[in-house]
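Heads up, the thing below is written out as structure tokens.
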Amino acid sequence: MFRLPKPFQLCLFALCLTGCKPPDESVQKAIIGALLIDGNGGPPISNSVVIVAGSRIRAVGNRVTMPIPAGLEKIDGQGKFLVPGLIDLHVHVGGRAGPRYQAADYTRRLIEENLNTYLYFGVTTVRSMGTDSQAGFDVRKAERDGQLLTARLFTAGRGFTAPHGHPAQEVGDVVIQTDSPEEARRQVETLASQQVDAIKIWVDDLDGKAPKIKPAVSDAIIDEARKQNIPVTAHIHSLADTKMLVNAGAAGFLHMIQDTENIDPAFIAKLRALQIVFAPTLVRQELSWLYAEHPDLLDDPDVIRSVDADVLAAVKETARTMKATPHPRQDFDRAVRNTGRLAAGGVLIGSGSDGGSALDFPGVMTHRELELLIQAGLSPMDVIVAATRNGAIALRKPEELGTIEPGKRSDLMLLSANPLEDIRNLRKIDGLMFNGEWVDRNSLKLK
């Protein structure tokens, strides 16, 4: 296990006491000798050197050809693997991830604990999609002002659905329910005044069991969001809805097309050309039977460490009655195959877990989603790119996040095993850097 030097631990502690101000740009560190997997998808760099100055990456290269200035703090990366911090494009902060959503759980304290949990698992940036109120904006401000050392938060505020549409049956008035294009435009203006990072629309009738937002309303949302320069991301299920939303100008999608595998090559080419990012969120579907078939997952030490004991007990009780009925399993299998089909066609795939929703534990389910992307046919390198570079593209922050390159934020994981051999090795975190500072994972308050 990588250990921070004792003096540096004391400095980090002092930094947090003084408000977690941005690190001094004059303080430089060099991580030397690791196999570098930079997030771009190219060949790894062996015996690498990554120099960090303050919160930014200053230089990247090979040790043989790149001089290391004197006076830097040197970190021995030999025998280790350096990758970017992970990005989860689909979470719901402020939830306990028990058997059902509880609106009363949404507090600043729980949001911070959720974000700490993501950081513990190496997820340095998350996008919370559609269930946030003022507490979420307050936490985002505190993190961006340097007052809070936790995972970086992007938020869509409150998302849109039809009156009594999904997910209102779970979250009630947490989401905006409207069938009026004029009201939808007014609500987009309100979200713009809150400086949301994205806008979320649910477009899913749950196989005819719930109302679905009208095309005129979703068109109005996307049109008004375009005027405000806010990207719109939609929860989808059907190919027809996905095509309609692409034509209207949606920037990304959550979940995967599940009603057909007959996706024409011309549409795949259009998705590729528009650089639309899909976060398939396969794990959300799998959770309908995952714990019943793999109860050992609930005994994972990191799950026990990060999930409240009463929530874990309730999930274990729920798992006893879970089983996969044919229709949900067929939809899941179709979603897995379509994920592979889009990826093979060059469509950008991102990582999204739905973490914080029912049964969906923050952080650990991000890693489960990466395993499912492997199942969909992506290579380990493809999955790393999905969870890093493509996430930054979806967030419209490719110049800031997602890859290990000069000028970008120094969000880094130093691993003890090679993720290109087994994607599960992304959990073998030996050292974690966020914004240029080493994070003591064991001191993070997770619950």
Per-residue ³J(HN,Hα) for the stretch 259-269, Karplus 6.51 cos²θ - 1.76 cosθ + 1.60, θ = phi - 60°, Hz, x for Gly and Pro:
8, 7, 10, 8, 9, 6, x, 5, 5, 4, 4
Hey, what number do you get for the chain at 222 nm if only DSSP H runs of n ≥ 4 count, each worth -39500 (n - 2.57), divided across all residues, to the nearest 500?
-10000 deg cm²/dmol
With an 8 Å cut-off on Cα pairs and a minimum separation of 6 or more residues, tell me the relative contact order of the stretch 271-376 in percent.
44
Scoring only Lys, Arg, Asp and Glu (+1, +1, -1, -1) among other residues with Cβ under 10 Å from the Cβ of PHE361 yields -1
I'd like the Karplus ³J(HN,Hα) series for the stretch 149-158: coefficients 6.51, -1.76, 1.60, θ = phi - 60°, whole numbers in Hz, and an x wherever there's a Gly or Pro.
9, 7, 4, 6, 10, 10, 9, 9, x, 8
The stretch 327-447: spread of alpha-carbon positions along the three principal axes, whole Å, largest first, is 46, 34, 28
Rounded to whole Å, give me the distance from the Cα center of the stretch 327-341 to that of the stretch 133-205.
28
Residues with amide H under 5 Å from that of VAL27, placed H, sequence gap 5 or more:
GLY54
With only Lys, Arg, Asp and Glu charged, each at its Cβ (+1 for the first two, -1 for the last two), find how big the charge dipole of the stretch 324-447 is about the Cα centre; round to the nearest 20 debye.
220
Counting pairs of alpha carbon atoms under 8 Å apart in space and at least six apart in sequence, what relative contact order in percent does the chain give?
21
Springs between alpha-carbon atoms under 10 Å, Gaussian network over the chain: tell me which of VAL175, VAL27, VAL203 tops the mean-square fluctuations.
VAL27
Could you give each residue of the stretch 27-35 its phi-based ³J(HN,Hα) in whole Hz, using Karplus coefficients 6.51, -1.76, 1.60 with θ = phi - 60°, and x for Gly or Pro?
7, 10, 10, 10, 9, 10, x, 6, 7
Pairs beyond 18 Å (Cα-Cα), from LYS74/LYS408; LYS408/LYS445; LYS29/LYS408; LYS243/LYS270; LYS80/LYS428; LYS209/LYS243
LYS74/LYS408; LYS408/LYS445; LYS209/LYS243
Going by amide H atoms built from the backbone, whose H comes under 5 Å of the H on ARG158, apart from near neighbours?
ASP132
Compare ASN390, ASN338, ASN247 in a GNM of the chain, Cα atoms joined below 10 Å, and give the one with the largest fluctuation.
ASN247
If you wrap a convex hull around the Cα atoms of the chain, how much volume per residue is inside, in Å³?
134
Pairwise centroid distance, computed over Cα atoms, of the stretch 57-93 with the stretch 361-430, Å:
14
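For the stretch 113-219, run through the trypsin sites (Lys or Arg not before Pro) and keep only the ones in DSSP coil with at most 12 other Cβ atoms within 10 Å of their Cβ.
LYS209
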Charge sum, other residues only, whose C-beta stays under 11 Å from ALA335's C-beta, Lys/Arg counted +1 and Asp/Glu -1:
0
Taking a 28 Å limit on the Cα-Cα distance, which of the listed pairs LYS200/LYS316; LYS141/LYS447; LYS212/LYS447 fall beyond it?
LYS200/LYS316; LYS212/LYS447
Tilt, helix 6-17 to longest principal axis of the chain (alpha-carbon atoms), in degrees rounded to tens, equals 40
Amide hydrogen neighbours beyond the local backbone of ALA387, cut-off 5 Å, H modeled:
none
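Read the figures in this text as sums done on the coordinates, not as results from a lab. Predicted, not measured: the structure shown is a model, and the values here were computed from it. Don't worry about glycine lacking a Cβ; one is built from the backbone with ideal geometry, like all the others, and counts go over all protein chains shown.
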